[in-house]
Amino acid sequence: MKKMAEIIATAFYVGYAPIVPATFGAALGALAYWFLMPPSRGIAVIVTAALILLAIVTSGKAEEKYGKDGRRIVIDEVAGMFVSLCFIPKSWPFFLASFLAFRVFDVLKPFPANRLQRLPGGWGVTADDVFAGIYTNVLIRICLAARGM
């Protein structure tokens, strides 16, 4: 079970990227959403919620090996990107904008994301990225509304 948690928490070892593993994790999340998510809104919600739960469980277990929110743990970025992209039109400009905005929010951690990171175990690892995803999703939706979309 520990090995499986490690594989999932590192997003199949993407977390071992020598530089900016979180960025590679977010990129994997965007690509996975693009290629694997069917157009059904219901399925998007179910898959995103399941991924968040999987991130909480596996990142909490992976902390035993990598330490508190270790840099190798990137499943939280994958989950955060899924939140960022939920119900966003499947178009590369929107996906690119979502990816860039997510990384900015993930790094800056505006309130309450900065406080959520203090939660214990996988909750703390994942919650700040989920909120970065929410901020991103809202920002992209505002941009879409401004464009009349």
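Based on this model, can you work out whether residue 128 counts as among the acidic types (Asp, Glu), open to solvent by less than 70 Å² (accessible area, probe 1.4 Å), over 17 Å from residue 28 (Cα atoms) and under 11 Å from the mean Cα position of the chain (by Cα)?
Yes, satisfied.
Please go through region 115-145 and pick out each residue that is under 17 Å from residue 60 (Cα atoms) and of a type outside the set (Val, Ile, Thr).
116, 117, 118, 119, 120, 121, 122, 123, 124, 127, 128, 129
Check region 26-41 and report whether any residue there is more than 11 Å from the chain's Cα centre (by Cα) and closer than 19 Å to residue 120 by Cβ.
no
Within region 5-56, work out how many residues are in a helix (DSSP H, G or I) and either touching a residue at least 40 places away in the same chain (Cβ under 8 Å) or under 20 Å from residue 104 (Cα atoms) (or both).
So the count comes out to 28.
Is one or more of the residues making up region 66-75 in a helix (DSSP H, G or I) and closer than 14 Å to residue 29 by Cα?
Within region 66-75 (the criterion being in a helix (DSSP H, G or I) and closer than 14 Å to residue 29 by Cα), the answer is yes, since at least one residue qualifies.
Within region 77-114, which residues are surrounded by 19 or more Cβ atoms within 10 Å (Cβ to Cβ) and either touching a Lys or Arg at 6+ places or on another chain (Cβ under 7 Å) or of a type outside the set (A, V, I, L, M, F, W, C) (or both)?
77, 80, 84, 98, 103, 106
The values are calculated or read from the model by the stated rules, or taken from the named source; none is laboratory data. Only a predicted model underlies this, so the values are computations on that prediction, with no experimental measurement involved. Cβ coordinates were reconstructed from backbone atoms using ideal geometry, including for glycine residues, and neighbour counts include every protein chain displayed. SASA here: full protein model, heavy atoms, side chains in, ligands and nucleic acids out. Shrake-Rupley method; radii C 1.70, N 1.55, O 1.52, S 1.80 Å.
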